[in-house]
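Enquirer: Dropping the structure in here first, questions after.
What follows draws every value from the coordinates through simple rules; no lab data is involved. It should be emphasised that the depicted structure is a prediction, and the values quoted were computed from it without experimental measurement. We place every Cβ from the backbone using ideal geometry, glycine too, and count neighbours over all the protein chains shown.
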Amino acid sequence: MSTPSTRALPKQHEGTREISLAQAVNEALAEELRRDPMVFVVGEDVAEAGTPFKVLSGLVEEFGPERVLDAPISEAGITGLGLGAAMTGMRPVVDIMFGDFVTLVMDQLANQAAKVHYMSGGNLRAPLTVRTTLGATRRSAAQHSQSLHAWLAHVPGLKVAVPATPYDAKGLLKTAIRDDNPVVVFEDKMMYSTKGLVPNEEYTLPLGSAEVKREGEDVTLVATSSMVYVALDAAAELERAGISAEVVDPRTLVPLDRATIVGSVQKTGRAIVVDEGHRSYGASAELAALIAEDAFWHLDAPVRRAAALDVPVPFSPVLEDETVPTAESVFELAKALVGKP
Amino acid sequence: MATEPTTTPQTLTSELALQMYEQMRRIRSFEERVNDLYRSAKMPGLAHLYIGEEAVAVGVCSALHRDDYITSTHRGHGHCLAKGASIERMFCELLGKEAGYCHGKGGSMHIADHEHGNLGANAIVGGSTGIATGAAFSAKSRRTGQVAVCFFGEGALGQGVLYEVMNMASLWQLPVIYVCEQNFYNEYTHYSETTAGEVAARPAAFGIPEEEVDGQDVRAVFDAACRAVERARSGGGPAFLTCATYRFHGHHVGDIDRGYYRSKDEEEQWRRRDPVEILAAWLVDRGIADRSKLERVDENLAAEIAAAADAALEAPYPDPREVNEHVYA
Ligand SMILES: Cc1ncc(C[n+]2csc(CCOP(=O)(O)OP(=O)(O)O)c2C)c(N)n1
């Protein structure tokens with residue numbers, strides 16, 4: 001059940017090809033850099049190194065060091081500089097190597113970028129994109145493993161994307177860059193080599209549009225980022241146990257496609273939210289509250305959550321593996337919820 | 001509350017020089033074994049090797065008392081060992097075992113050894129600059145006579161928090177020594193592409209005395225550290241040491257193909273300035289030890305390292321239920 005059997009989501013059809021999530025991100029950036037001379041990328045080790053995850057390889061060769069800039073290890077400064085450039089006509093893409101470092105840029109994002117449009121009565125805009133990571137289980141310990149997307153989703157004025165597939169990652173990133181608001185895109189670093197089908201033709205995806213990744217009747221699994229694969233694996237196992245699970249991927253937390261999530265739960269009558277942020281006050285709490293409020297009369301059971309334990313991410317594999325939702329734990333939760341032995 | 005009121009050894013005795021040799025060798029052999037453990041897939045995660053930079057940690061820590069504080073970095077094994085940590089408990093931590101310094105919760109980048117004043121390695125660049133400065137503030141307030149050493153790579157010069165705390169350290173004359181391990185690379189980017197002006201001008205701007213030291217020469221590091229520690233301990237305030245050095249290996253154990261950011265030629269040149277060899281040659285030259293004596297030291301260490309690694313490999317993992325312990329004190 002733990003084999004990543006469901007990684008290739010869309011069916012092969014004409015006009016698509018299979019690429020990794022890292023390549024999808026790379027393509028999105030390259031296309032936007034080509035399309036709009038105001039777009040630039042700035043971050044640590046983004047140029048020749050192409051980031052430690054090699055996601056940006058080749059960009060500096062095509063676009064030069066004026067548009068793909070290696071920055072000092074100054075996350076707050078880089079983000080502030082990006083914001084200032086964004087407010088004056090450019091479309092920066094700031095690369096924050098690990099999601100844990102968003103703590104270092106919180107003032108720039110939460111007090112500055114998020115509020116500039118509102119505080120100026122709509123006069124100023126901050127079309128800033130920040131790309132960063134989330135996700136544990138790389139044995140990277142407490143300061144390189146956090147999933148802090150909820151921190152940013154809590155701040156009005158910021159948009160937050162959590163793509164799970166190469167297709168979504170590419171389409172959402174292109175839209176984020178063209179959006180006139182600050183958008184933070186979280187990519188699970190464990191997914192960079194995950195493959196999926198992507199159209200040959202150019203495309204974008206709207207922010208705020210969830211996708212049903214698998215249809216089902218008995219229970220809805222609302223899953224974000226790499227937890228989509230956990231949910232899909234659980235759903236495959238549930239099917240063998242005679243339970244039909246629907247998997248809904250919000251794709252962006254802000255804006256949030258409430259209708260698709262609520263609609264699915266109205267159909268199935270049961271919901272489990274699967275998210276890799278901490279359980280307390282996390283994205284899973286918000287999604288569960290939405291379902292409890294808007295689908296209450298359709299629920300046959302309480303809303304359940306599978307989220308990261310409320311502990312710093314430990315190093316030791318035997319401890320770290322306890323902290324994240326797994327296909328097994330979601331399977332058990334769903335079985336109990338549906339009331340099958 | 002200071003323990004062990006020993007005095008700082010101000011002169012380099014033969015005995016101390018031999019101890020330094022042994023300590024540098026211990027770090028070297030420990031890390032060579034860490035590299036093997038990684039390459040044979042026995043160690044989870046990654047490690048950032050200190051090989052090539054041993055003289056900095058050993059030279060500085062030899063000027064410290066057991067209860068003086070240090071803070072360390074992602075490249076922290078050398079600092080940890082030089083401050084007195086046990087290799088077996090370090091191996092255990094790197095392997096995620098219960099007997100490790102942090103019961104497996106920290107791993108390579110987070111080893112803390114409070115018994116030796118080590119307030120912890122840190123995976124956030126510049127992340128420990130506040131902690132070291134605060135420890136110095138505390139030592140001064142509590143009148144313990146302790147000093148604090150803040151180790152960091154030159155990459156941390158990019159972090160604003162460093163300048164905030166250096167300002168306070170100078171204003172309030174805190175006994176903190178900022179030790180900049182200038183190994184010329186921030187991961188895969190040469191520091192000259194990320195650092196404007198002169199490094200020395202930065203502490204100078206805050207009125208903090210700065211010294212540039214040959215970080216491959218443990219005796220030079222020790223001398224400079226003794227001066228800085230002596231001044232800090234006697235109320236003279238902070239200091240800043242820039243130790244020029246080089247990491248012989250990659251940024252981390254997985255960084256094998258380095259050609260795109262630094263040349264083989266440059267690596268070769270630095271390898272010819274091996275800190276362990278430089279001290280060995282001096283010891284032999286001075287007649288403090290002959291080659292066969294040093295070889296015996298090496299052999300004993302090899303046995304010590306092998307035994308510690310084997311014990312750590314055999315040691316049990318923590319009970320998974322421990323995951324919920326230590327979140328709150
Ligand atoms: C705040 C922060 N930004 C980025 C990183 C990723 N990172 C880890 S080590 C490193 C380079 C550090 O260079 P330096 O401080 O010179 O230390 P060295 O690795 O050379 O010992 C970077 C960018 C980090 N750990 N923390």
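Enquirer: Can you tell me which lysines have their Cα less than 30 Å from the Cα of B:K97? Leave out same-chain residues fewer than eight positions away.
Expert: Straight-distance partners of B:K97: A:K189, B:K42, B:K83, B:K105.
Enquirer: Tell me the GluC sites (Glu not before Pro) within the stretch A:127-231 that lie in a loop according to DSSP and have at most 14 other beta-carbon atoms within 10 Å.
Expert: Of the GluC sites (Glu not before Pro), the ones in loops of the stretch A:127-231 whose Cβ has at most 14 other Cβ atoms within 10 Å are A:E201, A:E202, A:E215, A:E217.
Enquirer: Counting helices only, and only those DSSP H runs with n ≥ 4, report the 222 nm mean residue ellipticity of chain A as the sum of -39,500 (n - 2.57) divided by its residues, in deg cm²/dmol to the nearest 500.
Expert: The helix-only estimate for chain A comes to -9500 deg cm²/dmol at 222 nm.
Enquirer: Among the chymotrypsin sites (Phe, Trp or Tyr not before Pro) within the stretch A:185-214, which fall in a DSSP loop and have no more than 16 other Cβ atoms within 10 Å of their own Cβ?
Expert: Sparse-neighbourhood loop chymotrypsin sites (Phe, Trp or Tyr not before Pro): A:Y203.
Enquirer: I've got another one for you. Using alpha carbons only, how many angstrom separate the centre of the stretch A:86-163 from the centre of the stretch B:139-200?
Expert: When both Cα centres are located, 27 Å separates them.
Enquirer: Can you list residues whose amide H is under 5 Å from A:V254's amide H, if they're 5+ apart or on another chain and H is modeled 1.01 Å from N?
Expert: A:V160
Enquirer: Need one number: % antiparallel among DSSP beta bridges in the protein assembly as shown, to the nearest 5.
Expert: 20 percent
Enquirer: Arrange A:S147, B:S62, B:S292 by Cβ neighbour counts within 10 Å, fewest through most, would you?
Expert: Exposure proxy ranking, most exposed first: B:S292, B:S62, A:S147.
Enquirer: Using alpha-carbon positions, what is the distance between the centroids of the stretch B:229-246 and the stretch B:71-109, in Å?
Expert: Taking the Cα centre of each part, the stretch B:229-246 and the stretch B:71-109 sit 25 Å apart.
Enquirer: Using DSSP, restrict attention to beta bridges with both residues in chain A and report what percent are antiparallel, rounded to the nearest 5.
Expert: 25 percent
Enquirer: From the phi of every residue in the stretch B:139-156, what ³J(HN,Hα) in whole Hz does the Karplus formula 6.51 cos²θ - 1.76 cosθ + 1.60 yield, where θ is phi - 60° and glycine or proline is x?
Expert: 4, 5, 4, 7, 6, 8, x, 6, 10, 10, 10, 10, 7, 7, x, 5, x, 5
Enquirer: Given H placed 1.01 Å from N in the peptide plane, which residues other than close sequence neighbours of B:V149 have an amide H under 5 Å from its amide H?
Expert: B:Y69, B:I70, B:T71, B:I177
Enquirer: With n ≥ 4 as the cut-off for DSSP H runs, can you work out [θ] at 222 nm for chain B, using -39500 (n - 2.57) per run divided by the number of residues, rounded to the nearest 500?
Expert: -13000 deg cm²/dmol
Enquirer: For chain A, take the longest principal axis of its alpha carbons; what is the angle in degrees between that and the long axis of helix A:166-178, to the nearest 10 within 0 to 90?
Expert: Compared with the principal axis, the helix lies near 40 degrees.
Enquirer: Explain nothing, just the number: relative contact order of chain A, from Cα pairs under 8 Å at least 6 residues apart, as a whole percent.
Expert: 17 percent
Enquirer: Let me ask something else about it. In Å³ and rounded to a whole number, note down the convex hull volume per residue for the Cα atoms of the stretch A:211-336.
Expert: Convex hull volume per residue, Cα atoms: 97 Å³.
Enquirer: Tell me which trypsin sites (Lys or Arg not before Pro) from the stretch A:53-140 have a DSSP coil assignment and no more than 14 other beta carbons within 10 Å of their own.
Expert: When the trypsin sites (Lys or Arg not before Pro) of the stretch A:53-140 are filtered for loop state and at most 14 Cβ neighbours within 10 Å, A:K54 remain.
Enquirer: Let me ask you something else. Applying a 10 Å radius around every beta-carbon, put A:230-238, B:72-80, A:98-106 in order of their mean neighbour count, most first.
Expert: Answer by packing, highest mean first, reads B:72-80, A:230-238, A:98-106.
Enquirer: Still on this structure, please answer the following. Return A:D168, A:D300 ranked ascending by Cβ neighbour count within 10 Å, so the fewest neighbours appear first.
Expert: Taking fewest neighbouring Cβ atoms as first place, the list is A:D300, A:D168.
Enquirer: Can you give the relative contact order of chain B as a percent, counting alpha carbon pairs under 8 Å and 6+ residues apart?
Expert: 23 percent
Enquirer: Antiparallel DSSP bridges in chain B: what percent, to the nearest 5?
Expert: 10 percent
Enquirer: Relative contact order of the stretch A:211-336, please, whole-number percent, based on alpha carbon pairs below 8 angstrom and at least 6 residues apart.
Expert: It comes to 28 percent, rounded to a whole number.
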